[in-house]
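Step one of this worksheet: look at the structure below.
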Amino acid sequence: MIDLIGMLMFGTLGFFAVLAYVNARTTQKLKGKMPKSTLARDSAHWRMARERAAARG
């Protein structure tokens, strides 16, 4: 019984370790390819808003 619990524990930890690794690799591959959120300080949305504000006065 204890052996089964040990195998399940390491299996679960291993599963989450692999899941975290795959997520990190996917994020690294997508970095720079996806459009920025409008909430990002340096997004095109805020750049245009700053340009419009500067043009007004």
Lone unmet requirement of (1) exposed (fewer than 10 other Cβ atoms within 10 Å of the Cβ); (2) among the charged types (D, E, K, R); (3) modelled with pLDDT of 80 or more for residue 25: (1)
Conditions (1) in a loop (DSSP other than H, G, I, E, B); (2) modelled with pLDDT of 85 or more: number failed by residue 54: (1)
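Name the residue that is modelled with the highest pLDDT, counting only residues in the range 28-46 that are surrounded by 10 or more Cβ atoms within 10 Å (Cβ to Cβ) and assigned to a helix (DSSP H, G or I).
The initial filter retains those residues of the range 28-46 that are surrounded by 10 or more Cβ atoms within 10 Å (Cβ to Cβ), namely 36, 38, 40, 43-46.
Pick out the ones that are also assigned to a helix (DSSP H, G or I) and you get 44-46.
On the way: 44: 81, 45: 81, 46: 84.
For the range 28-46, the residue satisfying everything is 46.
Being surrounded by 10 or more Cβ atoms within 10 Å (Cβ to Cβ) and hydrophobic (A, V, I, L, M, F, W, C) is true for just one of 49, 55. Which residue is that? Step through it out loud before you land on a result.
Numbers: 55 fails: surrounded by 10 or more Cβ atoms within 10 Å (Cβ to Cβ).
Answer to the selection: 49.
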The range 1-22, residues that are modelled with pLDDT of 80 or more and of a type in the set (Ser, Thr, Tyr): 21
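The values are calculated or read from the model by the stated rules, or taken from the named source; none is laboratory data. Keep in mind that this is a model prediction, so the values were computed, not measured. Methodologically, a virtual Cβ is constructed for each residue, glycine included, from the backbone with ideal geometry; neighbour enumeration extends over all protein chains shown.
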